[in-house]
There are 2 protein chains.
Amino acid sequence: MTTTASPTSAAVAPAAPTSAAAVALRPVPTGASRITAGFWHERQEANRRQAIRTGYEKLQTAGNLQNLRIAAGTATGEVRGPIFMDSDVYKWLEAAGWEYGRGADAEVLGWIREVTEVVAAAQAEDGYLDSVQQVRGRGERYVDLPWSHEHYCAGHLFQAAVAVHRTTGETGLLDVAVKLADHLVATFGPGRIEEVDGHPVVEMGLVELYRETGTREYLDLARWFVDARGHGIIETKHGKQPTYFSDRVPVREATSPEGHAVRAVYLTAGAADVAAETADGELLTALARQWEGMLASKTYVTGGIGSRWDWEQFGDHHELSPDRAYAETCAAIGSVQWSWRMLLATGEARYADLVERTLYNAFLPGVSLAGTEYFYVNPLQLRHGAHAEEERSAAHGRRAWFDCACCPPNIMRTLSSLDAYVATSSAAGVQLHQFATGTVQAGGARLRVATDYPWDGAVRVEVADPGTGAWELALRVPAWAEGATATVAGEAVEVRAGEYLRLHRTWSAGDVVELTLPMGVRVVEADPRVDAVRGCVAVERGPLVYALEQTDLPEGLVADDVRVRVAELRGAPAEHRPELLEGVTVLQLPVHAAVHADEVPLYRPAGDEPAPQAAEEVLTVPAVPYYAWANRDLGAMRVWLPRA
Amino acid sequence: MTTTASPTSAAVAPAAPTSAAAVALRPVPTGASRITAGFWHERQEANRRQAIRTGYEKLQTAGNLQNLRIAAGTATGEVRGPIFMDSDVYKWLEAAGWEYGRGADAEVLGWIREVTEVVAAAQAEDGYLDSVQQVRGRGERYVDLPWSHEHYCAGHLFQAAVAVHRTTGETGLLDVAVKLADHLVATFGPGRIEEVDGHPVVEMGLVELYRETGTREYLDLARWFVDARGHGIIETKHGKQPTYFSDRVPVREATSPEGHAVRAVYLTAGAADVAAETADGELLTALARQWEGMLASKTYVTGGIGSRWDWEQFGDHHELSPDRAYAETCAAIGSVQWSWRMLLATGEARYADLVERTLYNAFLPGVSLAGTEYFYVNPLQLRHGAHAEEERSAAHGRRAWFDCACCPPNIMRTLSSLDAYVATSSAAGVQLHQFATGTVQAGGARLRVATDYPWDGAVRVEVADPGTGAWELALRVPAWAEGATATVAGEAVEVRAGEYLRLHRTWSAGDVVELTLPMGVRVVEADPRVDAVRGCVAVERGPLVYALEQTDLPEGLVADDVRVRVAELRGAPAEHRPELLEGVTVLQLPVHAAVHADEVPLYRPAGDEPAPQAAEEVLTVPAVPYYAWANRDLGAMRVWLPRA
């Protein structure tokens, strides 16, 4: 390419704006934010111990690497799996890259090098790379972009290449990415092929590759891809409307995400990258409006998105059925990526709030506590006696892998890069967005964070190295944390929920900020337009949404028959149980059993007022964090509980 | 075939048991039950005028007939459409056959002959017939029975052939059917190919062909197909479990239908035919249990079935979301076919009750009032502002035809044969199951029925010809009709809702029975386990379920914001409006507008009691019969209305 510039970003974690980018906050360099103990560290260690290794094995047994070898001509046979098989390789490579950054591990580096070689060998002379298309598609390129996922695979390759380059310093995969990106630049855009891929992600990938290489054309192409959408550019196939492909309304005009949930939020995340790097305030405003639309009527209480199983789509506004929640794990990840980029662009706490809610309650349920099994779909309710055992295991239990294995490596890369979402820096100082025990080094200062979050609301931040001069330490106070308190060096300061607690001063080594978030039970209800949970409440504590599981209920009480009174729930005691589900705080909920008349038909005459439905007797049953459900006996589960 | 017997059934409408069959009731001969005026007659006339003709044209333009010509070698090119394209031809032929029976029409007969020739020419020497498989599948047979629909197409051919034979007396199509059935008998069953089709219907078709021809092997094969299912005989493909194919549990052991709704009820309907013709009481009992299971927790208030868009399936028990109701029109038709066969077998009123509910509220919404456009899917709620216009037309508006055009000709054949569902006869006498103006000739007697049902509850039955001796006239009193009254020759008789009014006597010509069904507004609620409509009620009048449509609401009130008080609804006045929707009785419902606080987040702290949500002011808005929705402006619609 002709235009090159020195990379302006430091070697940092996902979404690293250039120095020219219009952003309020900047990520801290890789390794400068570290989660060293506690809740998320344990999840990361399970990911490290189990998932990354298993992923490496699955790439071999599921055929992904073999596909690339066949494309390279070093193996023969038919390629296997869905058309986007290469993307699993890239997402795993990205995970391995970030994981290497968490602590240089020779074995992981060996795997990265080995897989990189396989990828590089498959690449065509002119940079094109897509093993399934090269073999099954007989090398025909871009003949069915709405479905072929050729750019989708490329986007994941770009993200992987940047991760591996940032953490290992090795350029093997980056060279492959650049060669493919150059090919795309030469092939797509105004006056060339004017089409877009059915599945966004190349936009994020191209911007990140621009950030890493300084090649401006990558950014320009990403921007073109963002703006080309929404004009019906994608031919409707298989009876679906452009909506499915986020191609009904231009990104700049949309008021709410729609269509396939993962595609929609990957697109908006990429658009946020474009907005940042091109200082496009109009685009950013449009994205904020879409994000607000999502939050106002298309987000589950867990943060999960996508309520339709058919075509994995967003539903209409307020269409948020808990039993049929699709809430794909990948969609939660895409939502986090989008919110993270909006946070960087604006510095607004609401984006970090949604990152927190989504990570704990929509992303984390996607993986078993052992780090070995995955949910693709995350319902908020499973009925008692639903499905036969054999069906359950497929539809509801976590599985070791999938034919369409997008979620597992997506979870891996997110957990491996999670340290990056904890803190940012700006000219003003350092911002703490997520609460985890660890260290943050930014702006010349170093912080030590200690907390037993999410079980305990106390977050202790010690200024280990004050840096020079006065600067602002900003701590996010979640919107749910009404009544939070804080002290600085023992002195109380004013705290407002939903805003950053901003402490501007000249710090001394050893200064301690103590933020205390209220950890009482919160009972929430939904807007009455959410028909599916009318008359129900959900229970939260700290950042966690809770659920009832059948296995915790007394004999004879099925989860669907639990009824609650809000006033009784408020005083529900919390109890930390280290032996349960790798250590969780359970809530002991007072509940009532519904009473069903025998032999009453499904539909019956309605009384003037709804009939009382529950026994007066109070039973106490434990609720567990929703993320931990289905790690024991798989049975009925409910997040939303009907009022008595 | 070796075994033949004289056909024992008279020439009657669908599902005509042989004289040896174990049934309580028998259909009356074709033409002996006639709907001559009123509600259903008008729907039948729209079907006759518009749909049958349009169907004939669509078979040409959509490629169905061309496919058969290509298979016959009289045309060249690629076959078009889905794998079951032939079945549309057969369903249309069946409709044309019954329609010819409604009133001999030379043009219809000409079409039948023409299409029959096309079908016959495509048949292979040994009887095999499936144009798509013969051409696209290069003649390979039965290599993918779970998906190939080869038996499915055959089953529809058998039903069509019987209809055409019964009404025209011509044997052309019957010859084709027999040749194919003989081929199936020679090919499938114990010791031959021991597999079943992924999509049932061949069972019903084979039994009906047995009834028409007396060939016992057809019945035996149907029975074998019924009993072979449920043992995992269908290899799981595409990640779906045997559940989808009704292959998880044997028919004799199932307690509730599950999986693909149309497949499930076509199977049970065929099994009911088998049970009748083999006097298999055990099988009938199992089917009754399944039917009860369906009614207890898997049926919409409309009678519609199938709550999942993904794979068009039954949901779990009580999973009956109104907004995402799939409630495929074909599934409603299958449900009617099943209930009809259960009614014949048992004579129990509850089966005729469900036929009524389903015909009016789940089948009829599937076709526009003009008879020209069809719903494949029948939701019970469409949100205000849902989808963009372009999306709406595809997802929610009726359409003239579909790529997968199963529903339109299925509607046609049902309307054309509807007369058959009105009455039956038995040794005891004559039974009236559905209320429509017309004549019934059975058991030597002749009845004249006059009614303005479903708008008016008065049904007048005049004994035009009393026949000889004493016999019982039985009139179904719907379960909803608490408070119904009746007179015989002016004298009051006792009436019980949910049972037949049985009048046994020696009748005289001119005797009149007047049944008066109460036509007040009924307000119903669902079992509280139906989470999706918690706190809501639906409004019914007579056999009709009502709905609110946005187009009828005052400016500023959206359908989703309507709240109701049950006590106020009970007195809602009914008003017949002949100019509206081809004449409907509307209900003037007193409602309240919900009040939404501004800027309240989607999830919010719950009060001890649900907050009052509606304004005190009473507005009066008209509700229309659900079947008539979406015949004007397509907008928001609700069947279930939240309580204030």
Subject >> Whole-Hz couplings from phi, Karplus 6.51/-1.76/1.60, listed for the range A:339-349; x for Gly and Pro >> reply: 4, 4, 5, 5, 5, 4, 5, 10, x, 8, 4
Subject >> Amide hydrogen neighbours beyond the local backbone of residue A:544, cut-off 5 Å, H modeled >> reply: none
Subject >> For residue A:479, distant residues with modelled amide H under 5 Å away >> reply: A:498
Original post:
What nm distance separates the two modelled labels at residue B:57 and residue A:171, each placed 7 Å from Cα along Cα→Cβ?
Top reply: 6.8 nm
**OP:** Take every Cα-Cα distance within the range B:509-589, group them into 10 Å bins from 0 onward, and report for each bin the whole-number percent of pairs it holds.
**Re:** 14, 40, 30, 10, 4, 1
Subject >> the range B:492-644 - Rg over Rh from alpha carbon coordinates, Kirkwood radius >> reply: 1.10
Original post:
So what is the relative contact order of chain A, in percent, for Cα pairs below 8 Å that sit 6 or more residues apart?
Top reply: 13 percent
**OP:** Whole Å is fine, so just give me how far the alpha carbon centre of the range A:460-505 lies from that of the range A:510-586.
**Re:** 27 Å
Subject >> Karplus (6.51, -1.76, 1.60) ³J(HN,Hα), θ = phi - 60°, over the range A:575-586, in Hz, Gly and Pro reported as x >> reply: 9, 7, 10, x, 7, 9, 6, 6, x, 9, 8, 9
Original post:
For the range B:428-552, max minus min Cα coordinate along each principal axis, in Å, sorted largest first?
Top reply: 55, 31, 24
**OP:** Find every distance from the label point of residue A:113 to the corresponding label point in the other copies (7 Å from Cα along Cα→Cβ) and write them in nm, one decimal, shortest first.
**Re:** 8.4
Subject >> 10 Å Cβ shell holding at most 13 others, DSSP loop, trypsin sites (Lys or Arg not before Pro): longest site-free stretch of chain B >> reply: B:238-495
Original post:
Nearest 20 debye, what's the magnitude of the dipole of the protein assembly as shown about its Cα centre given +1 on Lys and Arg Cβ and -1 on Asp and Glu Cβ?
Top reply: 160 debye
Original post:
About the Cα centre of chain A, what is the dipole size in debye to 20, counting +1 per Lys and Arg Cβ and -1 per Asp and Glu Cβ, all else neutral?
Top reply: 700 debye
**OP:** At 7 Å along the Cα-to-beta-carbon direction for both residue A:448 and residue B:402, put a label point, then send me their distance in nm to one decimal.
**Re:** 6.6 nm
**OP:** Exposed loop GluC sites (Glu not before Pro) only (DSSP loop, at most 13 other Cβ atoms within 10 Å): please give the longest stretch of chain A free of them, not including the sites.
**Re:** A:254-493
Subject >> Sites residue A:289 and residue B:599 - FRET efficiency at Förster radius 22 Å, r taken between beta-carbons, to 0.05 >> reply: 0.90
Original post:
What is the helix-to-structure angle for A:150-168, meaning the angle in degrees between its Cα long axis and the longest Cα principal axis of chain A, kept from 0 to 90 and rounded to the nearest 10?
Top reply: 90 degrees
Original post:
Taking neighbour counts of Cβ atoms within 10 Å as a proxy for exposure, in what order, fewest first, do A:299, B:485 appear?
Top reply: B:485, A:299
Original post:
Where does helix B:407-416 land angle-wise versus the long Cα axis of chain B, in degrees 0 to 90, nearest 10?
Top reply: 90 degrees
Original post:
Once phi is turned into θ = phi - 60°, what whole-Hz ³J(HN,Hα) does the Karplus curve with 6.51, -1.76 and 1.60 give for every residue of the range A:527-536, x standing for Gly and Pro?
Top reply: 3, x, 6, 7, 3, 5, 10, 4, x, 10
Original post:
If one takes the longest principal axis of the Cα atoms in chain B, at what angle in degrees, from 0 to 90 and to the nearest 10, does the Cα axis of helix B:52-61 lie?
Top reply: 60 degrees
**OP:** Count charges around residue A:510 for me, please; just the other residues with Cβ under 13 Å from its Cβ, Lys/Arg as +1, Asp/Glu as -1.
**Re:** 0
Subject >> the range A:149-207-the range A:617-644 distance, computed between alpha-carbon centres (Å) >> reply: 44 Å
Original post:
Modelled label-to-label distance, residue B:464 and residue A:555, 7 Å Cα→beta-carbon offset: nm?
Top reply: 6.7 nm
Original post:
Along each of its three principal axes, how wide is the spread of alpha-carbon positions in chain A, in whole angstrom units, largest first?
Top reply: 75, 65, 46
Subject >> Proximal charge balance of residue A:460 [Cβ under 14 Å; K/R count +1, D/E count -1] >> reply: -4
Original post:
What net charge do the residues around residue B:552 carry, taking every other residue with its C-beta under 15 Å from that of residue B:552, with Lys and Arg at +1 and Asp and Glu at -1?
Top reply: -4
Subject >> Near-label residues of the range A:171-187 by backbone N, under 17 Å of a point 7 Å along Cα→Cβ of residue A:125 >> reply: A:179-180, A:183
**OP:** Report, please, the projected area of the protein assembly as shown averaged over directions, based on the convex hull of its C-alpha atoms, in nm².
**Re:** 49.4 nm²
Original post:
If you project the alpha carbons of the range B:384-495 onto their three principal axes, what span does each projection cover, largest first, in Å?
Top reply: 63, 30, 19
Original post:
Can you list residues whose amide H is under 5 Å from residue B:446's amide H, if they're 5+ apart or on another chain and H is modeled 1.01 Å from N?
Top reply: B:464, B:465, B:467
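All of the numbers you see were taken from the coordinates with simple rules; none came from a lab. Remember, it's a predicted structure, so these values are computed and weren't measured experimentally. We place every Cβ from the backbone using ideal geometry, glycine too, and count neighbours over all the protein chains shown.
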